[in-house]
Amino acid sequence: MSMRLALGSQRGFGVFWLGFSLSMIGDAVTRTTLVWYVFDLTGSTVSLGWLSFCFTAPVIVGGMTAGWLLDRYDRRTIMVVDSAGKALLVISLPVLAALGAMPQWAVYAVAGGIGFLMMIPLAGVPSLLPGLVDGEALNGANALETIGYTAGGVLGPP
């Protein structure tokens, strides 16, 4: 019942939740696509290990930076900048490919950038929810946030 309350009666939450869920699916699609691309390009499990490292290692610094940014600046603005930053990173690869100049390190750099930005929505969305829904609908909004994040991990890779 509280999930329906969060979606139905809280102006703007439904749109926010849909956008967040689609963004999580897009993040998972990007990770999966880059893994397949690197494996197709190199056939090397070592290259996949380096890609995994590039996705994961920056999360530590990105997590500390995300907390600092979200505590000091408008969280909605930070979330928009995060999404735009990830979009620019992802778009850079097909642009480089179209120009015939996409070195393998560019894929690793994009993975590092995405890893660095990964914590912003993970920390930012839960901190935004109390401002988007009334206290009565907060449990439902939190549940929907978890569903949106999980759906990205399940629906993105296929």
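The values are calculated or read from the model by the stated rules, or taken from the named source; none is laboratory data. Keep in mind that this is a model prediction, so the values were computed, not measured. Backbone-built Cβ (ideal geometry, glycine too); neighbour counts: all protein chains shown. Calculation scope for accessible area: heavy atoms of the full protein, side chains included, ligands and nucleic acids excluded. Shrake-Rupley method; radii C 1.70, N 1.55, O 1.52, S 1.80 Å.
Some observations on this one:
- In degrees, nearest ten, helix 13-42 long axis to first principal axis of the chain (Cα): 10 degrees
- Rounded to the nearest 20 debye, the dipole magnitude of the range 36-88 is 140 debye, with +1 charges on Lys and Arg beta carbons, -1 on Asp and Glu beta carbons, and the Cα centre as origin.
- In the range 106-158, the alpha-carbon atoms span a convex hull of 75 Å³ per residue.
- Modelled spin-label separation between A57 and T150, with each label point placed 7 Å from Cα along the Cα-to-Cβ direction: 3.3 nm.
- Förster radius 41 Å - calculated FRET efficiency between V46 and V81 (Cβ-Cβ, nearest 0.05): 0.75
- Between helix 119-132 and the chain: long-axis angle, C-alpha atoms, 0 to 90°, nearest 10: 20 degrees
- The chain, dipole about Cα centre (Lys/Arg Cβ +1, Asp/Glu Cβ -1), debye to the nearest 20: 100 debye
- Cα gyration tensor of the range 27-68 - equivalent ellipsoid semi-axes, whole Å, descending: 25, 12, 5
- Over the chain, Cα pairs under 8 Å with separation of 6+ residues give a relative contact order of 49 percent.
- Protein accessible area in the chain, 1.4 Å probe - carbon and sulfur %: 70 percent
- Rg followed by Dmax, in Å, when the range 67-151 is reduced to its Cα trace: 16.3, 54
- With a cut-off of 15 Å on the backbone N, the residues of the range 45-64 near the modelled label site 7 Å out from Q104 along Cα-Cβ are 45-54.
- Per residue solvent-accessible surface (Å²) - the range 1-145, probe of 1.4 Å: 55 Å²
- Angle between the chain longest axis and helix 45-56 axis [Cα atoms, degrees, rounded to 10]: 30 degrees
- For the chain, the ratio of Cα radius of gyration to the globular rule of thumb 2.2 N^0.38 Å stands at 1.14.
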